[in-house]
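Structure first, then comments.
The values are calculated or read from the model by the stated rules, or taken from the named source; none is laboratory data. Everything numeric in this text was worked out from a predicted model, so none of it was measured. Here the Cβ positions follow ideal geometry from the backbone for every residue, glycine too, while neighbour counts run over all protein chains shown. We work out accessible area using only protein heavy atoms, side chains counted, and drop any ligands, DNA or RNA first. Shrake-Rupley method; radii C 1.70, N 1.55, O 1.52, S 1.80 Å.
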Amino acid sequence: MGREALVVCSDKSMGAGITVWDIDTGDHLLHIPTCASPPHGFLCLRNQVLVASQIHKHGSVGGGAISSWHLRKFFEFQPQAPLRSYPIEAIGPIACTEDGVYLAGGAPSGNAYIWEVTGGRLLKNWSVHKKSINCMEFSDDSSLLICGSDDGMISIWSMISLLDIADFGNLPAPLCSSSEHSSAITGLLTTSGSLSSVLVSCSLDGTCKIWDLVTGTLLQNRVFPQSLTAIAVDGEEQLLLSGSADGTIFVNLLNIGLSKVSYTVLQDQQLVLNGHNGLITAMTFCNAGLVSASEDCSACLWDVVNWVIIRRFSHQKGPITNLVVIPQTSLVKQYNRIFHVSLLEKYPHPSNLWKEINTPLSPSSFEDDHVTGEFRSTALLNQQILDLEHGRTEAAIQMKLETSMENRLWATRMTKHVMEINKHLQTRLLDLMQCRLLRPDSASTQMSKKLKVEYSSP
Amino acid sequence: MAVFDNFINMYDIKLKPRLLRTLIKEHVPDEKHPFRNPSELSKVVSMIKTHKLLGESSMEATDKKQVEIWTSTVDAWVERLFSLVSSSMPDKRWAGICLLGVTCQECSDERFLASYSVWFHKLLSHIQSPGDCHFVKVASCASMSDLFTRLGGFSNVKKEGTSHAGKLIQYLLQLLTDDYSEAVWEGAVCLLLTIMTFFPSSIHRHYDSAEAAIASKIISRRSSVHMLKKFSHCLALLPKSRGDEDSWSLMMQKILLTINVHLNDAFQGLEDETRCREAVRLLVAPAKSHPPPLGGQNEASEKLKKRSEQSVISSISTLMLCCSTMLTNSYPVQVNVPVRPLLALIERVLMVDGSLSQSLLPLMTSMQQELICSQLPSLHLHSLELLLSIIKGLRSQLLPYAADIVRLIKVYLKGCTLPELRIQVYLVIKVLLISKGLGMVVYFAQEVIDNAIIDLDSLIHDIGNNASSDAYRKAPSESLLKSSRRKRKHGNRSGSFEEHNDSVNMEPEVFKKGRTSSTSLKIAALEAIECLLSVGGSLRSESSQAGNQKFWRSKIDNLLMIVATNACDGGWAKEEKSVFGPNEKTSSYADLQLASLRALLAALLSPVVRPTYLSQALDLFRRGRQETGTKLAEFCVHALLALEVLIHPRYLPLVDPSQTSINCISAGLNFKLPENKYSHDKKQNPFLVNDESWNQDGDETDYLLTNVEKNVNYPENPNETSGDPEVENIDPTVGSSGIKDSEEQEQQPAMAASDHFVMGDNKDAVMVDAQLSMENSPQENAICHSVNVGPGRTEEESANSEITPGKDFRVDKDDGLAARSENPIIFDSMKGKGSALELDDEGMDSFPDIIDAEPDSD
């Protein structure tokens, strides 16, 4: 497991900025200035880009902004101004899909926006709730979007129908919605796996409710003595942690039965963690344990075996509103393809919806490094041998023909050659004979020699 | 060499040069003797490859002298090849070139890097000389391709490779444009593909001429389908040589335009004029000019006019294939994919079914219509493939178009009857479901199920109307059995199963054909269902908005069980090893059995309720396991493994005593809390009462129990157990607990009214231990494997109880455990895992132990 880094930000003032710590040693790694995000308004896309919605406190002009920083770029060439997009209105909570393609944002007016991050296109904006949207969350497979509002409403939306360009202008209908919570929703999370996709929500009304994600059926209702402000589930999805307004954290088992179960009110907890003095704002699990952040200007790393605090990170610049845990390699790793983030559009442009989609094709890093080719000649050789033996193809016949022509040429050449030699020898013989006839008086020894030649030459 | 200079064994390094020398002497042709038997070469090659004769080094190559001998032998080998390559006899040249290609693959790295340039030029001379016969040219292309493939593996010679490849390109393009045989074209295209893959930038200078050469090959009608595929692949890779965004987009635009122009011709009279104008309008922005036609020449469209419909369609298919390849292959930079024109094109093709359009008077003779209709299925197939590539290429970015695609597929499925096309549609559905997840299931479930039922009809057909849910829901096992019995009879009658096939079947030809096609369709349908269940099995029955959708889950479960039973009823089919040639892709009956079992497993693993037909399914899997050596047996073993959790929910020891030092989260979360923590909590928590946990536990099991009972109609009469005297013992313990009154009162009636089962597979011994430890030191008890016992209630009684009026069950109140036992978390987490418990008699025996424990723990 690689080392991880804890990224936190505050909503106190733009000056608070973003702080990055090494989670294992507590070392301060990086500080990114000018950022103030409301709760749930901070995330990391594909471990490469930090995105934060900005609230402008009273006195500032216009709406808020959404800023994004490329982590590696910032780490290496800092300081660097973020990419700031200005939506129509200030955005509070944001959420992104697993692959970082879509970014959803909710506004205090109850409107929600969905952007495509790479192209920056605003794909959809619609009114979700009457009250302010408090948190947003995508389901595990990124096919559903869940919004929770200030008045306790939860609505679940199908991304496919939301983004259906055929009815771009129409008001979409939620897959289901519920108003079981009596006060503001403060946390939403979904579990993985298709078989038990459940949604867990917590609210200031002090309850934590577990829902069937698709049908919106309430499966369980748990009542806590405090208003709940944050929830988290561990990697194995066994434990449910609920952070409360007075800084305590309750550890429960996340028991999701297979069947629908009617709810029972619970009144006690199994384990209570006391480590914070202020409202718990965010919690998450990482390799090292549980990280919790609070308004008491600190974040704690808990040992999940003994449930004791291993390390306390104190954030002098203000109460922590958001935290993200990223692998430290995000700061330095050279990605094959840099994840591209565009300026988010302010207004929807229906014509843009039809534009081409800018996309990386098969962005697997593996393929680029390992181009595999196959050797061909052996297979071809066997093929050609077959062809030759059976004379199946034109080419084979052609070669056979050429070979035999070549052979014939050779034979002709040889014949000619032999004939030439023959001729040559004949002339030699004739010459000899002539010699002998003209000079019959030559020595007998010579004659016998020539006779020998005569015998052997024909 | 000494006669008795023997080797150690067949791995001896001495053997290699000797063997190679023998090969050179006896099997490789030489200048002097005629080359009679080409099949000798294949022996030579296999010998070289098996023994790695050209490797020149070996693991145990310590003997320097041996290595030298080897090197010199390989030198001699290469020498011989050179003489062959420059021989005047074509067959010897051919042999030399082929062996040179093998040498490129097999020789050592050092030798290759030292001499590839020489080899390149030897081969090049044969590619560029016009006099060589085609056979030799093809072989040189292949050997050259091997050379570049090998070269591509070295990262330090990229530059040299590119410059070498650059020299070659023009000759290759010459080969393509000249009037050679198809084999030469193939060789040239393959070589071009290799170069494009490894040294793309070498084509940069010849980009336009390469495009022209390949495009003209695609558009002209003179190539076989096989070749067209290669050409299309080559065209698709071409933009990579430039590697910029514009080349890709331009190529895509040109191809789409060409396709649409061709379609205009082909579909004349079959579709509305508006549609074809629309298609082109989407492609070319109004302000912009048309891009130059594909391949750069206008004559292409001229030629087109004269050509038959058939070849038009085959070029369209090829170009579609090209688009697919472009979409699915990687590209160095991000590109703009024109999704809308692509989808419009697909829709345009899929919506043409060969019927003449109403608005137009018949412009088409029946002859023409016949021609186009004969070609339409292949066109549809290719557009579905293109659709698949779009889904693959764009991943989640396709989401805004997903609804469009679903609509298109829904409409298309209604009319589509050809099995091959339906298979492809199922494939598309599968990919859509997997990539778009739950949201897609919500959209698609009904469609998939309706269509799958139609396609699986013959497998469930005998059950007829009984299959509809109600009969099954009541007594599923019985009717299943009946159905299988009936099916068996039917099987005998029609001779439709393997066993009877050979003997009984009267018209084997016809029957087999029909069966084969529909078998693969059934497999596709089953796979789609399997996929649906895996992705969206959690969609509960009551989830549906519409009434007819209500019971799809139970319907599907039954369907799958019936299908699997019927498919596997006639015994296990043999896995046919391609008797009819390797190319023919046929699905055998064994594949169908496998697919049905796979779908069944998916249904079992994503249950909404405890599967009612588990035992039948298990029986199937167990029987399948017996088929030694088949894929089916392999799968059945896997299925049984996967189902084990469902059959016997176990409480695995979460702590491995031998590895207590593990310090990872997962371990930490599951392990019990440490003792100091426990006592700390105990002080803090006011609700620390021992009995409480038993109560809570009881509720949990209670719920599970009733649930189980409800689902399987557990035959045991609850009243039998409710009379158990031991049960009464519990009440006082409940009463003695220190919980808040309200809580207590809430609990008590339930306890009193309930009858008690004891559940869990824990050994008695463990339980006794647990009790003892509680007795001794309640604060320190270290029950690691918590005992899972408790009173149970039947459904009726729980309904009667006043605690949760109107609600069937009580939630497991895990939290209520507090920190009474040291490991409350573990306690419940285990229960969470074992969602459906089986009653078992052993557990009952252990009940008294608990009773004993109750007072002690106070």
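With respect to the conditions (1) within 14 Å of chain B (Cβ to nearest Cβ); (2) assigned to a loop (DSSP other than H, G, I, E, B), A:Glu89 falls short on a single one, namely (1). Among the candidates A:Leu301, A:Leu290, the residue that is under 17 Å from A:His28 (Cα atoms), within 14 Å of chain B (Cβ to nearest Cβ) and modelled with pLDDT of 90 or more is uniquely A:Leu301. If the condition is being open to solvent by 10 Å² or more (accessible area, probe 1.4 Å) and in a loop (DSSP other than H, G, I, E, B), then the range A:151-173 contributes A:Asp151, A:Met153, A:Phe168, A:Gly169, A:Asn170, A:Leu171, A:Pro172, A:Ala173.
Condition check for A:Gly187 on (1) surrounded by 20 or more Cβ atoms within 10 Å (Cβ to Cβ); (2) within 14 Å of chain B (Cβ to nearest Cβ); (3) within 27 Å of A:Phe285 (Cα to Cα): one failure, at (2).
Within the range A:96-103, does at least one residue satisfy the condition of being more than 14 Å from every other protein chain (Cβ to nearest Cβ), modelled with pLDDT of 85 or more and surrounded by 19 or more Cβ atoms within 10 Å (Cβ to Cβ)? Scanning the range A:96-103, I find no residue that is more than 14 Å from every other protein chain (Cβ to nearest Cβ), modelled with pLDDT of 85 or more and surrounded by 19 or more Cβ atoms within 10 Å (Cβ to Cβ), so the answer is no.
Output the residues belonging to the range A:227-256 that are acidic (Asp, Glu) and open to solvent by 10 Å² or more (accessible area, probe 1.4 Å). Within the range A:227-256, A:Glu236, A:Glu237, A:Asp246 qualify. Scanning the range A:286-308 for residues that are aliphatic (A, V, I, L, M) and either in contact with a Leu (Cβ under 7 Å, 6 or more places away or on another chain) or buried (at least 19 other Cβ atoms within 10 Å of the Cβ) (or both) turns up A:Ala288, A:Leu290, A:Val291, A:Ala293, A:Ala299, A:Leu301, A:Val304, A:Val305.
Which ones in the range A:372-419 are of a type in the set (Lys, Arg) and within 54 Å of the chain's Cα centre (by Cα)?
Residues satisfying the conditions are A:Arg376, A:Arg392.
For the range B:348-361, does any single residue satisfy the condition of being free of Cβ contacts under 8 Å to residues at least 12 places away in the same chain, open to solvent by less than 10 Å² (accessible area, probe 1.4 Å) and under 25 Å from B:Glu447 (Cβ atoms)? Checked against the condition, which is being free of Cβ contacts under 8 Å to residues at least 12 places away in the same chain, open to solvent by less than 10 Å² (accessible area, probe 1.4 Å) and under 25 Å from B:Glu447 (Cβ atoms), the range B:348-361 yields no hits at all.
Restricting the range A:132-150 to residues that are within 22 Å of A:Asp164 (Cβ to Cβ), in a loop (DSSP other than H, G, I, E, B) and open to solvent by 10 Å² or more (accessible area, probe 1.4 Å), which is farthest from the other protein chains (Cβ to nearest Cβ)? Out of the qualifying residues, it is A:Asp140. Evaluating B:Thr22 against the criteria (1) among the polar types (S, T, N, Q); (2) closer than 24 Å to A:Gln383 by Cβ; (3) open to solvent by 50 Å² or more (accessible area, probe 1.4 Å) leaves one unmet condition, (2). Among the listed residues B:Leu371, B:Leu379, B:Leu421, B:Leu438, which satisfies the condition of being within 9 Å of another protein chain (Cβ to nearest Cβ) and either under 18 Å from the mean Cα position of the chain (by Cα) or assigned to a helix (DSSP H, G or I) (or both)? From the options B:Leu371, B:Leu379, B:Leu421, B:Leu438, the qualifying one is B:Leu438.
Figure legend. Inter-residue proximity from the range B:125-142: first residues among the charged types (D, E, K, R), second residues open to solvent by 10 Å² or more (accessible area, probe 1.4 Å), beta-carbon distance below 6 Å, spacing 6+ or different chains. Indicated pairs: B:Asp132/B:His126. Listed by first and then second residue, the pairs with beta-carbon distance under 8 Å, at least 6 apart or on different chains, first residue in the range B:556-571 and in contact (Cβ under 8 Å) with a residue 12 or more places away in the chain, second of a type in the set (Gly, Ala, Ser) and open to solvent by 10 Å² or more (accessible area, probe 1.4 Å), are B:Asn558/B:Ala467; B:Asn558/B:Ser469; B:Leu559/B:Ala467; B:Ile562/B:Ala467; B:Thr565/B:Ser484; B:Asn566/B:Ser484; B:Asp569/B:Ser484; B:Gly570/B:Ser496.
Mind checking which residues of the range B:177-188 are within 23 Å of B:Gly152 (Cβ to Cβ) and more than 12 Å from chain A (Cβ to nearest Cβ)? Within the range B:177-188, just B:Ala188 meets the criteria.
For B:Pro653, are the conditions met, namely being away from chain A (no Cβ under 14 Å), more than 30 Å from B:Ala567 (Cα to Cα) and modelled with pLDDT under 80? Here the answer is yes, as B:Pro653 does meet what is asked. Which residues, taken from the range B:90-121, are open to solvent by 10 Å² or more (accessible area, probe 1.4 Å), touching a residue at least 12 places away in the same chain (Cβ under 8 Å) and either among the aliphatic types (A, V, I, L, M) or not in a helix (DSSP H, G or I) (or both)? Matches in the range B:90-121: B:Ser108, B:Leu113.
Residue check: is A:Val418 at pLDDT below 75, more than 7 Å from chain B (Cβ to nearest Cβ) and in a helix (DSSP H, G or I)? Against the criterion (at pLDDT below 75, more than 7 Å from chain B (Cβ to nearest Cβ) and in a helix (DSSP H, G or I)), A:Val418 does not qualify. If you go through the range B:56-78 one residue at a time, do you hit one that is exposed (fewer than 14 other Cβ atoms within 10 Å of the Cβ) and within 24 Å of A:Ser404 (Cβ to Cβ)? Scanning the range B:56-78 turns up no residue that is exposed (fewer than 14 other Cβ atoms within 10 Å of the Cβ) and within 24 Å of A:Ser404 (Cβ to Cβ). Residue pairs whose Cβ atoms lie under 6 Å apart, sitting 6 or more positions apart in sequence or on different chains, and linking a residue in the range A:157-175 that is at the interface with chain B (Cβ under 9 Å from one of its Cβ atoms) to a partner that is small (Gly, Ala, Ser), are A:Ser158/B:Gly439; A:Met159/A:Ser143; A:Met159/B:Gly439; A:Ile160/B:Ala402; A:Ile160/B:Ala403; A:Ile160/B:Gly439; A:Asp164/B:Ala403; A:Leu175/A:Ser158.
Only residues that are within 14 Å of another protein chain (Cβ to nearest Cβ), in contact with a Ser or Thr (Cβ under 8 Å, 6 or more places away or on another chain) and open to solvent by 10 Å² or more (accessible area, probe 1.4 Å) were counted across the range B:194-214, and they come to 4. Against the numbered list (1) within 17 Å of B:Ser330 (Cα to Cα); (2) touching a Leu at 6+ places or on another chain (Cβ under 8 Å), B:Lys167 comes up short only at (1). From the list B:Lys240, B:Lys158, B:Lys217, B:Lys230, the lone residue that is basic (Lys, Arg), out of contact with any helix residue (DSSP H, G or I) (no Cβ under 6 Å at 6 or more places or on another chain) and either surrounded by 21 or more Cβ atoms within 10 Å (Cβ to Cβ) or assigned to a helix (DSSP H, G or I) (or both) is B:Lys158.
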